[in-house]
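Read the structure below first, then the notes.
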Amino acid sequence: MESGPVMVRTTLSVNGTSHDLVVDGRTTLLDLLRETLHLTGAKVGCNQGTCGACTVLMDGKRMLSCLMLAVMASGRSVRTIEGIAPAGELHPLQAAFIEHDALQCGYCTPGQIMAAIACIEEGHVGSDAEIREYMSGNLCRCAAYPNIVAAIRSVAGS
Amino acid sequence: MAIAGGTTMVDLMRGGVLSPHSLVDISGLIELKSFSMVGPLLRFGALVPMAEAAENETLLRDYPALAQSLQQAASQQLRNVATLGGNLLQRTRCAYYRDGFSPCNKRVPGTGCSALDGYNREHAVLGGSDSCVAVYAGDWACALAAFDTDIELSSANGQRVLPLAAFFREPGGTPEIETALQPGEIVTAIRVAATPAGRRSTYLKVRDRQSYAFAVASAAVALVLDGDFVREARIALGGVATRPLRSREAEAQLVGRRLSAVSAREAGVAAFTAARTLNANGVKLRLGPRVVAEAIRIASGRRELA
């Protein structure tokens, strides 16, 4: 039996804009964001849910876009790094990452910032140890971790 | 196959480990998204996200082992999406199973076990067979195994309930069969008998990294103490066996005795009496008994055991 892609109609909101699309049912949310919507901020790091570089917000909650089928995001609201501040402006966390030198190559950075936005909103910033624990799903091979924690601390307050 | 959070399914489909002909998205079944802790039964709907239960104040107060097992699992991104029912059904981390092509009796029956003479540092010291030594790596099921837990299964034919120990299978000669789940069935709820032992419980997870890693060895312990006298002990092992494992052998070393450093150590040793090491997983035999003993101490609430 010949098999081919099963095309599925799906509608989802990304950064406040509604998209009505027809996609291969096997497409991940990450690939939809990057390849179809050209929002390349979310990164393909490990593509197996172990690095966090693909982190986006879905209905306000941080999740790994590489591990969700795009069609299962139907009807949901997604926010990516491109949508956290108006064009030309920086989100406070983006400014903090720059000020605290919380990146080197920058590859993990969009995922770090999306996770950090959620981490603060969740209230998991009581101590630096708690920040480290609740940011543990985001790996940084350049080892910017101390500066990432400092950046988050500077926005979250004490 | 059913798909809910998708954090196991999408990963293994992309890796060529699972190749379902079709998927049924059950993530919208609202009736499976609630949990209650009232009266004699804790009932967790299968589609409750891990994060929701992990951060429930009542669960943390009355059954810390259960809440801690969720808090120490995965990452917040995964916990927001992965479900309590789905997490039970996670597949082994065995690299040979997951690479999609190595000889693996679990993935393709009859092809052999690459881990027996291969890289097996993370493989089981308890419950393995000549066909498969893959570890069940999940924390939630381990903590549940320490309590009187039943799994509720539903299908077009109705509902049935299995004790957790009957739900999870040892590999034996059929490692491809991991649970009692039948075609057409889904897990709809997890039921835990309420017990005062829950309040004096803990989940201790020891791993290579401080966070975001699977257990090298873990233990769930719940105790009922009368002064220093152990009236009831519940001990389950994680990271060392082919399925979530309650250790009656360990419990027998504690119950009816005064709790001491000696009895805790003897409980840890007893838990691993039947253990068999492979060429690279001896660490589990050194670490496992100590994790059990330390978890007993933590559950007891004492800073030290005399």
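Brief remarks follow.
- When residues of segment A:55-78 are limited to those that are surrounded by 20 or more Cβ atoms within 10 Å (Cβ to Cβ) and more than 9 Å from chain B (Cβ to nearest Cβ), the one farthest from B:Gly28 (Cα to Cα): A:Val56
- Residues in segment B:33-62 that are within 14 Å of chain A (Cβ to nearest Cβ), among the hydrophobic types (A, V, I, L, M, F, W, C) and touching a residue at least 40 places away in the same chain (Cβ under 8 Å): B:Leu47, B:Met50.
- Summed over segment A:20-49, the residues that are exposed (fewer than 14 other Cβ atoms within 10 Å of the Cβ), of a type outside the set (Val, Ile, Thr) and either in contact with a strand residue (DSSP E or B) (Cβ under 6 Å, 6 or more places away or on another chain) or within 18 Å of A:Met72 (Cβ to Cβ) (or both) give a count of 2.
- Number of positions in segment B:123-181 that are acidic (Asp, Glu) and within 12 Å of the chain's Cα centre (by Cα): 1
- Among the residues of segment B:150-194, those identified as closer than 30 Å to B:Lys284 by Cα and assigned to a loop (DSSP other than H, G, I, E, B) are B:Arg169, B:Glu170, B:Pro171, B:Gly172, B:Gly173, B:Thr174, B:Pro175, B:Glu176, B:Ile177, B:Glu178, B:Ala180, B:Leu181.
- Filter result (more than 17 Å from the chain's Cα centre (by Cα) and either in contact (Cβ under 8 Å) with a residue 60 or more places away in the chain or within 8 Å of chain B (Cβ to nearest Cβ) (or both)) within segment A:119-157: A:His124, A:Arg132, A:Glu133, A:Val155
Rundown of residues vs (1) surrounded by fewer than 23 Cβ atoms within 10 Å (Cβ to Cβ); (2) at positive phi; (3) touching a strand residue (DSSP E or B) at 6+ places or on another chain (Cβ under 7 Å), yes/no style:
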{"position": "B:Ala220", "(1), (2), (3)": "no, no, yes"}
{"position": "B:Glu232", "(1), (2), (3)": "yes, no, yes"}
{"position": "B:Arg248", "(1), (2), (3)": "yes, no, no"}
{"position": "B:Thr273", "(1), (2), (3)": "yes, no, no"}
{"position": "B:Thr277", "(1), (2), (3)": "yes, no, no"}
{"position": "B:Val283", "(1), (2), (3)": "yes, no, no"}
{"position": "B:Val291", "(1), (2), (3)": "no, no, yes"}
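- For segment B:29-88, residues that are more than 15 Å from the chain's Cα centre (by Cα) and polar (S, T, N, Q) total 8.
- In segment A:43-77, the residues that are farther than 12 Å from B:Gln77 by Cβ and of a type in the set (A, V, I, L, M, F, W, C): A:Val44, A:Cys46, A:Leu69, A:Ala70, A:Val71, A:Met72, A:Ala73
- Looking across segment A:43-93, the residues that are outside any loop (DSSP other than H, G, I, E, B) and more than 15 Å from the chain's Cα centre (by Cα) come down to A:Leu69, A:Val71, A:Met72, A:Pro92.
- Here the helices (runs of 4 or more DSSP H) wholly within segment B:1-118 that include at least 3 residues being surrounded by fewer than 18 Cβ atoms within 10 Å (Cβ to Cβ) and out of contact with any Pro (no Cβ under 6 Å at 6 or more places or on another chain) are B:57-62.
- Within segment A:80-114, tally of residues that are touching a residue at least 12 places away in the same chain (Cβ under 8 Å) and either at positive phi or touching an Asp or Glu at 6+ places or on another chain (Cβ under 9 Å) (or both): 2
- Residue match in segment B:63-70 (condition: within 14 Å of chain A (Cβ to nearest Cβ) and either free of Cβ contacts under 8 Å to residues at least 24 places away in the same chain or out of contact with any Gly (no Cβ under 9 Å at 6 or more places or on another chain) (or both)): yes
Every number in this text was worked out from the coordinates using simple rules, so none of it is lab data. These numbers come from a predicted model, not from an experiment. So basically every Cβ, Gly included, is an ideal-geometry build from the backbone, and we count neighbours across all protein chains shown.
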